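Read through the structure below, which is laid out as structure tokens, and then see the notes.
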Amino acid sequence: MTRIEVIRAGLLTTVQDRGRPGLAHLGVPPSGAADPVAYELGNRLVGNLPGAAALEATLDGPVLRFDRPTTVALTGATTPEVRTVEALEVGRCIGGARTYVAVRGGIDVAPVLGSRSTDLLTGLGPWPLRPGDVLQIGAATGSEPAALPGTVPGVGVPLEPVLRVRLGPRDDWFTARAVEALLSTPWRVSSSSNRVGIRLEGPPLERVRRDELLSEGLVTGALQVPASGQPILLLQDHPTTGGYPVIAVVHSDDIPLAGQLAPSMRVRFAIDG
Amino acid sequence: MSVVVRPAGDRGALLELPDNAAAARAARLLRTERSDLVDVVLGHTTVLVTWREGVEPADLAALVQGSGAPDSSPAGRPVEIPVAYDGPDLGEVAALAGISPEEVVARHTGAEHVAAFLGFQPGFAYLIGGDELLHVPRRDVPRTQVSGGTVAIAGPYSGVYPRDSPGGWRLLGSTTAVMFDPTREPPALLAPGDRVRFVAV
């Protein structure tokens, strides 16, 4: 069985698959790849079954050594490619925040609640990679590796991406000016962003209500506004419930783009439809 | 029962119900009747539902509205949670409530709590129905680390931290009860509606 040795872990490299949807009522976050499109493409390129676990590198990728020549695909914030390698230096992310390393056979760590994903909020799943870790490769292969398509989606994000949103569920907790500011501001992505949420910097969004919201369920893509008025765009490791009002929710088709927002990038929001 | 539907993105909706019991009933109904939903997340007085495709939020509201009699809900299970009342905030809570630490313990163990909903961490149940004298505010500055098994209160809630995590509630004591174990079925010790008694040990 093929093994991978982690020579350098990179800034933050986690194992990700399709996550743990359907368990939110137990307090279990969805987790799973932050850019599902790039993750799924990687599995196709190496001929894995859908749902095989891959590595998600953040901003600066890992250095890996394989104990035999192994087919890998790089997708996401990089130039997509398929290679057969014995050593791999993933390097810095380009035009985004996350690069996926799909390995033919999939990463074989023990699943927790049906998923191999690392959940940074709750600690479910494997630890983020550390130097010296040895990962087993599984047998999650389906077809032969697919040919790299002529045009590959997700190669870098636009300079100032626009994410489509739908207002609510709690836009009525905010002033009309706040809603207008949400839609007209080029929001700056804070460096204290992670898989739980992307912190956005801009004009504080003012509320019309000062009372406390009773805790309610949250979705990936929600723009939650804490007391500071600075919105947080929730990603896959978000808590399942929260007591801050959600002013709007990013369209599901734009979640992969949200997962590629890197610190100091600017992002805009526009009403969907 | 009356329900207000609010949008939660293109694949989600937030249903607002009159109270926690109504929301819990709606969540049970939606989970049983609608296999096309991904998540059905109970909040204090809300139910958040998500789906992959082809769900009309108005249909969900109609299902909940048409469900009629509220007395069809099964009674929650009784659960006892043993607590060593040696938490660092016991004295502070007593001072805030204007009673002795012994009376804090007496009032906390004397009430029957009900698990309203789960959130914050896997297996963390927000317990309501506690003694109103113990409805103390959260700490101004949350602790960066609260140990798993810590029993705490804040506002109208009691709860047990399932694992080490940051936390802003007031800490009364600790329990050996395992609130969440991913290898157990079900993984969470408490489910909405369960009736919880804390027992001093």
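What follows draws every value from the coordinates through simple rules; no lab data is involved. Keep in mind the model is a prediction, meaning the values are calculated, not measured. Cβ: placed from backbone, ideal geometry, glycine included. Neighbour counts: every protein chain shown.
Numbers below:
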read-out: Number of partner chain Cβ atoms within 10 Å, mean per residue of B:38-51; value: 6
read-out: Hz values of 3J(HN,Hα) by residue in the range A:16-31 - Karplus curve (6.51, -1.76, 1.60), Gly and Pro given as x; value: 9, 9, 8, x, 10, x, x, 10, 4, 5, 8, x, 8, x, x, 6
read-out: Burial ordering of A:LEU120, B:LEU118, fewest other beta-carbon atoms within 10 Å first; value: A:LEU120, B:LEU118
read-out: Added length on full extension, which subtracts the Cα-Cα distance from 0.36 nm per residue, A:VAL134 to A:ASN194; value: 19.1 nm
read-out: Among A:135-141, B:31-37, B:149-155, the order from most to least packed when residues are scored by Cβ within 10 Å on average; value: B:149-155, A:135-141, B:31-37
read-out: Longest to shortest principal axis, alpha-carbon extents of the range A:186-265, angstrom; value: 34, 26, 20
read-out: Mean ellipticity per residue at 222 nm, deg cm²/dmol - from DSSP H runs of n ≥ 4 across chain B, formula -39500 (n - 2.57); value: -6000 deg cm²/dmol
read-out: Angle in degrees between helix A:36-45 and the longest Cα principal axis of chain A, rounded to the nearest 10; value: 20 degrees
read-out: Diffusion coefficient, µm² s⁻¹, Stokes-Einstein with Kirkwood Rh over alpha-carbon pairs of the protein assembly as shown at 20 °C and 1.002 mPa s; value: 91 µm²/s
read-out: The range A:28-180: relative contact order in percent, alpha carbon pairs under 8 Å with at least 6 residues between; value: 27 percent
read-out: Average partner coverage of A:217-226, which counts Cβ from other chains inside 10 Å; value: 5
read-out: Axial C-alpha extent at least 18 Å, average Kyte-Doolittle at least -1.0 - helices from chain B (DSSP); value: B:20-33
